[in-house]
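Where a number appears in this text, it was derived from the coordinates with a stated rule and is not lab data. No experiment lies behind these values; they were computed from the predicted model shown. All Cβ positions, even for glycine, are placed from backbone atoms using ideal geometry, and neighbour counts span all protein chains on display.
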Amino acid sequence: MPYQVHPTAIIDPGAQIGEGTRIWHFCHISPEAVLGANCVLGQNVFVANGVVLGNRVKVQNNVSIYTGVTCEDDVFLGPSMVFTNVINPRSFVERKQEFRPTLVRHGASIGANATILCGVTLGRYCMIGAGAVVTKDVPDYALVVGVPAQQMGWVSRLGHHLVLDELGTAQCPESGEEYVLKNGILNPIS
C-alpha cells in the first residue's frame, strides 16, 4: 500500500489516496474523495464524497471536510476548524442540490476552531486566525481574524506578518522574499 492507514480508520472502496499520505485514528474517507500525495490527516477526520485535497495538505484532529470543498496543495487545516456547505440548513429540508463550493487556494492556513462559510474562496497563502468566522472571499496573502473575519494585514508565504513601507513594499523576515502592494493586491516581487 503506497499510503499509511491506522487500523481504526475507514477507507471506503473507491477513495483515491496519493502516495505517502498518512491517515490516523478514527478517520473516515468517503468513496468519491480524492487525496493527493503526502497528506497527513490527524485523528477523527471525515472527508466527504467529492472533496479534493491537493498534495501535502495537513488536516489536524477533529476536522470534517464536506462535499464541495477543494483544498489545493500545501493547505493547512487547524484543529477542529469547520467547513459548511449549505447557507441555510434545516434538518427537515433536503438541500443537497444547494451545496456551495468552497475553494482553499495553494498554501492557505486556517487556524484552530475557525469556521468557513460555504461559497467562499480563500486566497493563496492567506492566514485565517484561530476562531475566525469567514463569510466572504479572502485575498492572497491576507491575514483575517475575528467574528465576522476582517482583514488585519498581510503575511508572507512563510506566514510572517508583513510591515509595508510608504512605497507599499515589505520583506519576509525569514526568507528575505520581497512583496509589493498595488491596487489592493499583494504579490511577491519576482
Inset, instruction - Once you have all Cα-Cα distances for the stretch 147-190, histogram them in 5 Å bins from zero and send the whole-percent values. - result: 5, 24, 33, 21, 10, 5, 1
Inset, instruction - Can you put ASP137, ASP74 in order of Cβ neighbours within 10 angstrom, beginning with the fewest? - result: ASP137, ASP74
Inset, instruction - Normalise the Debye intensity by I(0) for the chain, one equal point scatterer per Cα, no solvent, then take log10 at q = 0.19 Å⁻¹ and round to two decimals. - result: -1.23
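Rounded to the nearest 0.05, what FRET efficiency is calculated for LYS136 and THR169 with R0 set to 25 Å and r the Cβ-Cβ distance? Intermediate results must be reported in sequence, preceding the final value.
Details: r = 27 Å, r/R0 = 1.07.
Calculated transfer efficiency: 0.40.
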Inset, instruction - Have a look at ILE110, GLY18, GLN151 and report the one farthest towards the positive end of the charge dipole of the stretch 4-155, computed about the Cα centre with Cβ charges (Lys/Arg +1, Asp/Glu -1). - result: GLN151
Inset, instruction - Of the options GLY129, PRO139, ASN44, report the single residue whose Cα projects farthest towards the positive end of the charge dipole of the chain (beta-carbon charges: Lys, Arg +1; Asp, Glu -1). - result: ASN44
